[in-house]
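The values are calculated or read from the model by the stated rules, or taken from the named source; none is laboratory data. The structure displayed is predicted, hence computed values, not measured ones. Cβ coordinates were reconstructed from backbone atoms using ideal geometry, including for glycine residues, and neighbour counts include every protein chain displayed. These area figures cover heavy atoms from the full protein model, side chains too; ligands, DNA and RNA do not enter into them. Shrake-Rupley method; radii C 1.70, N 1.55, O 1.52, S 1.80 Å.
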Amino acid sequence: GLDATRRPLANRPPIVRAHERHPRRGERHLTGGGGGRQRAMAEVLHMAAMSDVPKSSSQGACSSTSSPAVERRENPHALRSHDLKEKVFFGPTWCDNCGGVLIGDGWQCMGPCGRKCHRGLGMEAENCHADLCCTPCEKCVALTAKMSPYQFGDVSKQLMRNLKSRVKEQIVEEAVQEQKKFGRLDKIKEVAVGVRKNWDDKVVIWWLFVVQVGLVLLAQLVSHTLVLMVAWPMHGARGWRLAAYGASESAAVFIFVEAALILLARLLARQLLRYSDIIHAFMLEIMHIDLLELDIDLLLAAEAVLRVTECSLWVTCALWVASLANWIAEMRLA
């Protein structure tokens, strides 16, 4: 089951908690006053120094010191999520997501791609932070920023967008905290723990087999009854052979559809396996919900689905071969 395949905590990569990645407003320290900083930004803009301040704290750059949200696990098929850290861009630069002017609060990836984006609202982008979290870090290495032509007033507009983004973040954080107080997340965790505790691959495979056989028998019964009702008045005793032929044909088609659905489930599980780290990071960064705190591990879930569907696929193929042979035999007799 999932308990037997679950990795020990010591071997699992650390997941940064939401309160570590998003400190309280009062705990953040930004150098410089509001008015002086805006005047400095305007002067830098007129001098066309379109470059962000280096990472040294003595030059004014401020970023959080959190570790990666979800590090790459021991899975060669998993896509790496971004290692985003908060940063204040005192010098205007460009957002790698929307191409608009990036100034003030923003995010920068400390991973291989090194991309930077707005805190939230961007130029014709609802949430640059969310858009960047949905992309894998490796695929962003060769991408270049979509630099848009600067227009007068872009800096002040972007500063207002940053303020709106902060308000939206605060609303989301308060909503999550409210749900925690009401115990909604605890109920989700109880369900996740119950599923993981009671999960057993053999039991799930057995029940899937029972459901498959039951549905096939039901399809055969319905098809046999309908064909017999139509063929008996016209063909007499030969209607039984036609009804048996129709039932065998329905069973073969039904099992083929079941095999296609199992293949689709395997395809979705493989995609979940690849994007598990990115989904965990998105939920933590944007929704401020740590799935691992809720005992939800998408990697383990995808692996369990792959194991079950692999066995079910072999059983379904065997049933389909048997039903196909029966169909051919009934076709010759009919």
Does any residue of the stretch 225-237 turn out to be within 22 Å of Val203 (Cβ to Cβ), part of a helix (DSSP H, G or I) and not aliphatic (A, V, I, L, M)?
no
Just checking, does the stretch 303-319 include any residue being in a loop (DSSP other than H, G, I, E, B) and within 30 Å of Cys134 (Cα to Cα)?
no
Looking only at the stretch 86-99, which residues are more than 18 Å from Cys133 (Cα to Cα) and either among the acidic types (Asp, Glu) or buried (at least 22 other Cβ atoms within 10 Å of the Cβ) (or both)?
Phe89, Pro92
Among the residues of the stretch 103-124, is any free of Cβ contacts under 8 Å to residues at least 12 places away in the same chain and open to solvent by 10 Å² or more (accessible area, probe 1.4 Å)?
yes
Those residues that are open to solvent by 100 Å² or more (accessible area, probe 1.4 Å), free of Cβ contacts under 8 Å to residues at least 40 places away in the same chain and farther than 21 Å from Ile286 by Cα, I need them from the stretch 183-197; list them, please.
Lys187, Glu190
Name the residue, out of Leu272, Leu324, Leu268, Leu292, that is over 30 Å from Glu190 (Cα atoms), open to solvent by 20 Å² or more (accessible area, probe 1.4 Å) and not β-branched (Val, Ile, Thr).
Leu324
Filter result for the condition that a residue is hydrophobic (A, V, I, L, M, F, W, C), in contact (Cβ under 8 Å) with a residue 60 or more places away in the chain, part of a helix (DSSP H, G or I) and surrounded by 12 or more Cβ atoms within 10 Å (Cβ to Cβ), over Leu208, Leu217
Leu208
Look at Val308 and say whether it is open to solvent by less than 50 Å² (accessible area, probe 1.4 Å), within 14 Å of Asp201 (Cα to Cα) and in contact (Cβ under 8 Å) with a residue 60 or more places away in the chain.
yes
Answer yes or no as to whether Ser223 is among the hydroxyl-bearing types (Ser, Thr, Tyr) and touching a His at 6+ places or on another chain (Cβ under 9 Å).
no
Condition check: acidic (Asp, Glu) and in a helix (DSSP H, G or I). Does Asp186 satisfy that?
yes
With the condition kept exactly as written, say whether any residue in the stretch 242-264 is over 27 Å from Leu313 (Cα atoms) and over 40 Å from the mean Cα position of the chain (by Cα).
yes
